[in-house]
Each structure stands twice: as structure tokens, then as C-alpha cells.
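In what follows, a structure is listed as C-alpha cells, so that the remarks can point back to it.
The values are calculated or read from the model by the stated rules, or taken from the named source; none is laboratory data. Computed from a predicted structure; not experimentally measured. Positions of Cβ are backbone-derived with ideal geometry, glycine not excepted, and every protein chain shown enters the neighbour counts. For the accessible areas, the whole protein counts, side chains as well, though only heavy atoms, and no ligand, DNA or RNA atoms are used. Shrake-Rupley method; radii C 1.70, N 1.55, O 1.52, S 1.80 Å.
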Number of protein chains: 4
Amino acid sequence: MHTPFFVPLAPRGFSSISPPPPWHYAGDFLVIDFWARPQAVAAVLPAQLQADAKAEGHAQAYFIDWQFTGGHDELLDPARYQYREFFILVDAQFNGKPVAFCPYIFVDNDAAIARGWAQGFPKRQGSIFQTRTFAARGPACAPLIAGSRFGASASAAGQRIARGIVTLEQALTDSAALGSRPTINLRHFPRLAAGQWDKPAVHELVESVMDNFTVADAWMGKGELTLPVCEHEEISDLAPIRCGNGYRMSVSYSVTDLKTLVDHSAR
Amino acid sequence: MHTPFFVPLAPRGFSSISPPPPWHYAGDFLVIDFWARPQAVAAVLPAQLQADAKAEGHAQAYFIDWQFTGGHDELLDPARYQYREFFILVDAQFNGKPVAFCPYIFVDNDAAIARGWAQGFPKRQGSIFQTRTFAARGPACAPLIAGSRFGASASAAGQRIARGIVTLEQALTDSAALGSRPTINLRHFPRLAAGQWDKPAVHELVESVMDNFTVADAWMGKGELTLPVCEHEEISDLAPIRCGNGYRMSVSYSVTDLKTLVDHSAR
Amino acid sequence: MHTPFFVPLAPRGFSSISPPPPWHYAGDFLVIDFWARPQAVAAVLPAQLQADAKAEGHAQAYFIDWQFTGGHDELLDPARYQYREFFILVDAQFNGKPVAFCPYIFVDNDAAIARGWAQGFPKRQGSIFQTRTFAARGPACAPLIAGSRFGASASAAGQRIARGIVTLEQALTDSAALGSRPTINLRHFPRLAAGQWDKPAVHELVESVMDNFTVADAWMGKGELTLPVCEHEEISDLAPIRCGNGYRMSVSYSVTDLKTLVDHSAR
Amino acid sequence: MHTPFFVPLAPRGFSSISPPPPWHYAGDFLVIDFWARPQAVAAVLPAQLQADAKAEGHAQAYFIDWQFTGGHDELLDPARYQYREFFILVDAQFNGKPVAFCPYIFVDNDAAIARGWAQGFPKRQGSIFQTRTFAARGPACAPLIAGSRFGASASAAGQRIARGIVTLEQALTDSAALGSRPTINLRHFPRLAAGQWDKPAVHELVESVMDNFTVADAWMGKGELTLPVCEHEEISDLAPIRCGNGYRMSVSYSVTDLKTLVDHSAR
């Protein structure tokens, strides 16, 4: 019997929550630079990371419309595998090196939750939407031209946790402007046995590995973001003090690996 | 006090289920030609339309990712106004003229249900998905090139009512190939008063009016469609005997009018 | 060919959005008395109703878990027909008589939207939840005893529009305490033809008719309600200045009729 | 800094996908006994379990409406924590002892997915519904009396994966009739690092531990179940050859522990 990559252990592999790697992604990104209170950023970092004092609370909000495929044409089954995502990356340091850490992330698809957990992204279920661009011109098409605006929002359990607007100003020819900190996650899986709740089975600081990262149709402009106060949610602790650039672009990459930086898993 | 276009009668108009016209649309279409049993097509026609014998049961299935806007930047609020749609058009005749009639249509958005009912589209709630194309190349991007495949599906109340695949073969330079029958709907609103259930308040045969119809990036190829048998659903009566061409294109238009052909509303 | 009650005109009637009357309902209610600003209440009334000065802005919020059936065991198809609802009733006067008017109502089911529109309830899509009571005792069961608390919430397009809590104090033996104003709705269906947008095809003030109204397991206690400010929503204009009693009960009734009070439908 | 039980690592604990144990549950169960092909049952067992030849393919389908609470009144936040579930248990043996194993389980709530994964339940997202019983009598209330029928269904990604009906015959005074095999799960969490995909970080056979298990209002009668064939799903491999009893009851219990039987986690 084969060892499954994900549960459920389906004899023919189709009923598993997600296929095993390789995982291929293509998506449309809305990205907004913002600055939160530095103490709020420090509060969401795991013990193994340090605050990045020079960043002054810098963070980024991402709204993404994703298409996923594994090795068996999963992109032809969009009801099961296409999804939308919202997440925050905050600037931090690891061993004196600048990195980005993901404290909160929401998706509208369970296969994406499973893959995210395997990568260390702390995914929860949400409802995420962004304005799309369409090739046929008209008042509803949101063309990729200066002055076009793209709205986005994210909700969890019926509460609006984020709202963003990006106004395009100019095409972006040098995508280096997008920044290049490595994305660091906390990969974590609990133990439920009595007396062992504080000894997680998996607790590792990991670095995302992305192959064939490709950017197309990148634009930059002005970004606006709010993270409203919600009952029993903490993401608004990172509410912007000020916002910066906004970006809109298409991105693709593949995932077949993950790099462990620190392993604190309990044995 | 102003007369609202749609309920609820919100004092400032924002809380109405949809803004009043003009209604502007931009969308990505997957269209599949198919032939159903001619008797099944005849059975879904209202009394005012006749079967089109020469059509031999010809029909089309449409899967659409829509962006909507009214006059107040509704496209920036995609959580409320962006939506996905699946519908069937069957060939018919009205006064000896070839027309297309919509017997079944499903959307995942209540504002779209309201506008649809006003136009005579008999909309119900569903879950609809289609493979998207993304500008950044890679295994998940579904480029607009010969051989690319686009999958689509529609579900209602947790039952899969339609599944389609379009395989691109060639760019379509003459969109006249898409056909040009006018779309005819049955605009209908019931009476609930006892004894008047068979005397609908509104019961009109209407013709859709679309302004500034624009097509971009149109491709044609092979279409495949199934309409599975579902409990308490009749759409599978129209199940394809054979399928024909498939199309993938972007479309935009505006709606500000509707033409009444026959008015049988009870007075 | 039969005249359908609702669209779509399905040959065998199954695929219509909802079966025709009779409509039977059973549900669990959380009800919260509150007082809004009288001017805000007056602003949501249609022209044919007058403000009820003595009511001082009195209104009620209802959160309901509904089970529906028509004449063909629809209660056995809960994926299609079971639903949840949130609405507001405000005190008003019609011809000097005290009545209650429904300015805003949200459900999570399209069949309920269709029936609601036929009755004049201005339904939109929402996500509604309430704490339930379960027969097996334990920390999660919310028993019907003094001190038990029941939470509820409603959201539309990912924004939380209402949040309520009812704390039980005593069983209610005289359900007359629940009040008995007739429920008045504005039944409305637009015209889309150019030049006729302000001449609705249906525009009637109607009174709800409920048969076999039954109440069971009624409790009263303390009610708490908030109607948070949301982007592009007006329901928060009715935000409570103060709250009053809360109720929790089971209710059933049937609908087979509707009474027209004033008919302003355009001819 | 505290060690979180679940991600995300929220500073104040509210934004984690689920609170830590204790976990308290109350729910309404529809249970249907059925017999699948013994080879199909054997195919879904992990290596550490053996087929139970005497069971002849016996299995049970569960449809459950759940209310959850942790230690902070989570039952008052039903939008986030109330959920519905469908799962299958198949008879098996572990070291010669009769046990039940869960090959497939679906819930409509991400907090339930997270807790399930911690317990070894291989949860995916689904849409699950069951007929409810209401205290106020009428045609829609589904009373707990002989002859009452309760319908249920489960869907995943828009495909109907299960449909059940339970017809009540008699109140059940001895809940031992419900059977008492321990529930065995495969607790599993993958490794994504290249070259280690077949060396899961967690791979344990575990036994569920339930405290204060309480049953109320139990009825038994006739059960009917179908597991329709769905695209890219394997659950229909377990389609009933015949069905047996059906049950409807309320259940509550708490979870604070888990027992590991065999640990094959890779080190």
C-alpha cells in the first residue's frame, strides 16, 4: 500500500484533499504596501524570528485569484481546485537577515488549506474577492491602464477582515521593485494526547521554495488598505498607520520543496 | 419619496439588492454547441414560442465569469457584485423567426438573480466555475493557444447539473460564427392571493436588448458537455445527444432596455 | 401547458425555484426588541405607511432557522429548501392602525428569496446563524433553562450586518406578550423597458396571511443587538439606541394567501 | 511566548483556527447501517488494520448537525463554530479486536477540519444537510414519532456524494443497539521537503477518546443510503449493496485526549 501524501488515504489517490507535489500555480495579484505599529508586528512573530527595526512596521497585504494544477489536469476541475486568497506578510529578521513572515492567511478552498499547512502557511477559511480585468472593453472591464482601480476584500465567518483598493499608475518594467525577502513560515501540527498539548508533533521554522517564478503584466500605483476591528479576530492589531504602493500583476510558480531552518518539533 | 427600482426600498439606494440600470457587464465565456432531443426542447418552450424543426434540437450551454458595474463603481465591490453564471439557450421560433430561448439559468449572486428576473431570465442560485487564463505562463495558466483546454461545471443545491470542456483549435476572426438569434425570455411574477395563483401579475414574452456588444480574444474548437441526471431537477431532459463546437471569448455589453413581444400579464 | 407559479417554467415542475403554495414552515426564532431613532424608522417606510409616533422607534430583530415544505416532502431535501433568515420589523401605522413593516430581510436560500418576493418581503442573500439547543445535555447543548444564552449573527456579502444575544429568564406561558401587529410588506417588481423604470409592474402594499400559527417552547429574557456600520449598507441607520426583551421560541405556520391593501402597480 | 495549539499563532489566541482542548460537542445524528463490497472496505484500510471478515462489508454513514464550544462560549459564535458533518465508518480489526475506521469525512467548517486533523479524521470541506425536528407542530416540523422521515445529503465541490433517508419506527431505550466499536483513525501530516514526500512527519494509528458520551431522544427505524458515482471521487467504491437500520438521536461528548496505538511517524 502506498503512503499517501495527504489524507484521506484514498486507494486510487483521487479522493485525497489535494494531490501530492508538484504543485503549479498561476494567479492575479493585488499587493498593497503598508506600515503597522512595530509592536503589533513584533507580537505576531514566532520565537525564532526577530523584529526588523529598520522596517518600521512594514508589511504587505496580498489578494490573489489562484488557479492550481497538479500533475493530472486539476486546472480543468475549477470547482475543486481554483481558489482565492488573502494574506499578510510582515518584515522580520532571521539570524540578522531580512525575511518576511506570514502571520495570517485565508483561502476559500480546502485543498489550498491542506497544501498551505504542509508549507507552514497558517491558513483558515475565508471569502476573498478582487476586481478582475477583462479583454473586451467597456465600463465593467477594468483595463490595465493608468487610472484603473481594482478593489478587493476578505471576510472570515461573515466578518470583513480586510478591504483594499489599488489605483494603477504605470506599468512596472523592473519587478525588482516588488522586493525579494524570503518567505518564512511556522510549520506546525499539534499533539492532542492529554499532557502533551504544549509538545507539538511538528513545529519548524521553514523557508518557502518557489520554482520558475514568473511575473507578467505588472503595474504599480497607489495602495489603500483597511483591516477593520472584528469580534474575536486579532488581524486588526496590524491595522495600517499608513499605506504605500499598490501593485497588480500576474504570477506563476511551482512548489516541489521546502527548506527547514529550525526544527523544534517535540519527539 | 423616490420609487425604488429594486427592493428593498433603501432610503439612500445602497441597500437595494441591485442598483437600477444602466447595467454594464464584462465577462469570460465558455460556450458549447449541442443537440438535445427535439421533444425535450419543445417541452421547455412557453406557449408563445414554437419549436424550430430545422434546428433538430440545437442548443448552447454558456458558462460565464462576470464582472458587473452600475453607475457607482460597483466593480470595486466584487464580493457583492462579481458573479458566475451557467445557462442554456435552445433554438425556437417566434412568429416564424428564429430565436433563442433560455429555459434554465443559474448564478452565484443575488444581485444577478434580481436583474435576471427583471429581464425575464429564470435565475436560480448555483455554483459555477470555469478554468481561467492567466498572463504569467506556466503549467497552471491555461494560455489562449491551440490545444489549451478549459473546464467548467455548474451545481445547484449540491448536485452537479452540468460539466463542460472546451479545447481551443483556432482564433476566431469572424464572430458572426457565434450566431445571432435574438434572446427571448419569459418575464414572470406570480400572484399569491388565494384563487389567483394561475393569474400571474407579470407574464410577458420579452426580447433582450444589449448595447455596445463587444467581443475580444475569441477562440473556437471542440466542445464537450454533459447534463447529468439529478434528483428533482429536469435540466438533464436536455442532455446532449451530440456536441459540436466549443468557444472561449471575452464579451462586454450594457443593458438599459427590454422589448415586450407579447404581454399576458393578468389584470 | 400549465401556467407556472414560479420560474423557471419546468415541464414537470421540479426545477422551478420553489414549489407553488401551500407553503409550510417550522422554525426556531430568536427575537430582540429594540428602539431605533424614530427618524431612521420613518425613512424606511413606503409612502403608503405612516410613522407610529407612540412607538418611539420600536422595532424587532428576528433570527430564524427555518424548515420549509410544500406539498411534496420538500423537507426531505434540506440542501435545497432548509434555510436561515434575519429580518427587521419596524412599528408603523396604516390608516391609523398599528402595523409592522419589514424594511430589510436576508436569507441563505434562493427558494426563500422567490417566495419572499411573492409575499413582498424584500429579500437579499445573506449568511445567518444562531445558537441551537440540543436534547443531549453537556457544555455545548444550550438548554432551554434560565440563564442559557443564544447568540446570532447575520452577514451580507462578507460584512457583518447584525449581532444578537438572547439570555433566557423565564418560560413564556402567554404568547400574547409577543405582540400582534399585522406584518405589512411592499410587493414590488420593476419594469426594465426604457422610459418606464419608475413605473413598476407590481407595487402593492400587502398584508401577510398566516394559517395555523403555532408557538412552542417559548422563553423570554434579555435581548442585546448591534447593527454595525457597513460599507454601502444602510441597515445600521436603524442601529439600536436601546434594547429590550429577547425571546426564543419554536414557531410553525402555513401560507396560502396574501391580502392587497393598496395597489399602485403601473398599468 | 506561549506555544499555540493551532495555527495561526495569534498573540491573544482568538484568531487561531480553533481554540485548544477541551472541545465540547452537542449534535443531532442520522445514522444508516449498510453493507459495502468487502473488497472495497479492505481497500480503504491503512496497513496497520485488518479486514473484519465476519462484518461482511458492514459500515455506517453519519450525518450530523454539530454545535461546538471550547472554554470561551464559542457556542455563542455559531457563524464561526457551528457546523455539519458527514462521514463513513467501516468495520475492521486491530490486533484481532473489532474496531471502526473512518476513511472519508466532510465538514462545512474550517475549525472542524483543524480539530479533525489533530484527531486523525481525514476531513475535507463539504456541504451537508439533514431534516431537523422542530417543537412547534405542523407539516414542516418532522416530529419524533413513528413514521417520520428525515432526509440527508452531502456534497463535495458541487457533486452529491451521499443521500440518505431515515424513517423512524420506535424509540430506542437501549442505546447499546448502536454498537460500540472504538473509532480508529490515521493521524497524518506530510513532509514537503524534496526527497521526503514518502516520510510523513506524523503517521500514527490512533484511537478516539470521548468523555461524558450522552445520548438523548434516540429512535431507530429503516435506513436508506446511496453513494453516487462522482468524477474524481472514490467514496462510491463503498456504495451500499444493501442497507439496514436507520437511527436518529441527539448526542453530546467532550474531547481532551487521544490514544496512540501505532506510531510510524518518520524521524
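Overview of values
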read-out	value
Condition met for B:Thr183 (within 14 Å of chain A (Cβ to nearest Cβ) and closer than 23 Å to C:Leu192 by Cα)	no
Qualifying residue in the stretch C:71-78 (condition: surrounded by 23 or more Cβ atoms within 10 Å (Cβ to Cβ), aliphatic (A, V, I, L, M), over 16 Å from the mean Cα position of the chain (by Cα) and under 30 Å from C:Gly246 (Cβ atoms))	yes
Tally of residues being out of contact with any Asp or Glu (no Cβ under 9 Å at 6 or more places or on another chain), in contact (Cβ under 8 Å) with a residue 12 or more places away in the chain and within 14 Å of chain C (Cβ to nearest Cβ) across the stretch A:122-176	3
Every residue from the stretch B:1-42 that is among the charged types (D, E, K, R), within 24 Å of B:Gly164 (Cβ to Cβ) and within 14 Å of chain C (Cβ to nearest Cβ)	B:Arg37
Residue list for the stretch C:1-35, restricted to those being among the aromatic types (Phe, Trp, Tyr) and under 25 Å from the mean Cα position of the chain (by Cα)	C:Phe5, C:Phe6, C:Trp23, C:Tyr25, C:Phe29, C:Phe34, C:Trp35
Members of the stretch A:225-239 that are within 11 Å of chain D (Cβ to nearest Cβ), under 24 Å from C:Gly164 (Cα atoms) and not charged (D, E, K, R)	A:Cys230, A:His232, A:Ile235, A:Ser236
Filtered residues of the stretch C:98-121 (kept if within 14 Å of chain D (Cβ to nearest Cβ) and under 11 Å from the mean Cα position of the chain (by Cα))	C:Phe106, C:Ala112
Selected residue (criterion: nearest to the other protein chains (Cβ to nearest Cβ)) from residues of the stretch B:86-97 that are assigned to a strand (DSSP E or B) and either of a type in the set (Lys, Arg) or open to solvent by 10 Å² or more (accessible area, probe 1.4 Å) (or both)	B:Phe87
Check on C:Gln67, open to solvent by 10 Å² or more (accessible area, probe 1.4 Å), in contact with a strand residue (DSSP E or B) (Cβ under 8 Å, 6 or more places away or on another chain) and without any contact (Cβ under 8 Å) to a residue 60 or more places away in the chain	no
Any hit, the stretch A:240-256, residues being in a loop (DSSP other than H, G, I, E, B), more than 14 Å from chain B (Cβ to nearest Cβ), out of contact with any Pro (no Cβ under 8 Å at 6 or more places or on another chain) and closer than 30 Å to A:Gly96 by Cβ	yes
Qualifying position, being at pLDDT 95 or above and over 25 Å from A:Thr131 (Cα atoms), among B:Ala79, B:Ala152, B:Ala171, B:Ala142	B:Ala171
Count - residues of the stretch B:189-220 that are in contact with a strand residue (DSSP E or B) (Cβ under 7 Å, 6 or more places away or on another chain) and either away from chain A (no Cβ under 14 Å) or within 23 Å of D:Ser155 (Cβ to Cβ) (or both)	14
Any hit, the stretch D:201-222, residues being surrounded by fewer than 17 Cβ atoms within 10 Å (Cβ to Cβ) and at positive phi	yes
Candidates C:Gln39, C:Gln67, C:Gln50, filtered to the one that is within 16 Å of the chain's Cα centre (by Cα) and not small (Gly, Ala, Ser)	C:Gln67
Residues located in the stretch B:25-82, provided they are more than 26 Å from B:Val209 (Cβ to Cβ) and either part of a strand (DSSP E or B) or of a type in the set (A, V, I, L, M) (or both)	B:Phe34, B:Trp35, B:Ala36, B:Ala40, B:Ala42, B:Ala43, B:Ala53, B:Leu76, B:Ala79
Conditions (1) out of contact with any helix residue (DSSP H, G or I) (no Cβ under 7 Å at 6 or more places or on another chain); (2) in contact (Cβ under 8 Å) with a residue 40 or more places away in the chain; (3) open to solvent by less than 10 Å² (accessible area, probe 1.4 Å); number of the one not met by B:Asn185	(1)
Given (1) closer than 29 Å to D:Phe5 by Cα; (2) buried (at least 21 other Cβ atoms within 10 Å of the Cβ); (3) not hydrophobic (A, V, I, L, M, F, W, C), number of the condition A:Thr226 does not satisfy	(2)
Complete set of residues in the stretch D:178-210 that are within 29 Å of D:Asp33 (Cα to Cα), touching a His at 6+ places or on another chain (Cβ under 9 Å) and of a type in the set (Asp, Glu)	D:Glu204
Qualifying residue in the stretch D:142-158 (condition: open to solvent by 20 Å² or more (accessible area, probe 1.4 Å) and among the hydroxyl-bearing types (Ser, Thr, Tyr))	no
Qualifying residue in the stretch A:43-57 (condition: facing another protein chain (nearest Cβ under 9 Å), open to solvent by 10 Å² or more (accessible area, probe 1.4 Å) and without any contact (Cβ under 8 Å) to a residue 12 or more places away in the chain)	yes
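This table checks each residue for (1) of a type in the set (A, V, I, L, M, F, W, C); (2) open to solvent by 10 Å² or more (accessible area, probe 1.4 Å); (3) more than 16 Å from D:Phe68 (Cα to Cα); (4) not in a loop (DSSP other than H, G, I, E, B).
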{"position": "D:Val99", "(1), (2), (3), (4)": "yes, no, yes, yes"}
{"position": "D:Ile105", "(1), (2), (3), (4)": "yes, no, yes, yes"}
{"position": "D:Ala111", "(1), (2), (3), (4)": "yes, no, no, yes"}
{"position": "D:Arg115", "(1), (2), (3), (4)": "no, no, no, yes"}
{"position": "D:Phe121", "(1), (2), (3), (4)": "yes, yes, yes, no"}
{"position": "D:Phe129", "(1), (2), (3), (4)": "yes, yes, yes, yes"}
{"position": "D:Arg132", "(1), (2), (3), (4)": "no, yes, yes, no"}
{"position": "D:Ala135", "(1), (2), (3), (4)": "yes, yes, yes, no"}
{"position": "D:Pro139", "(1), (2), (3), (4)": "no, yes, yes, no"}
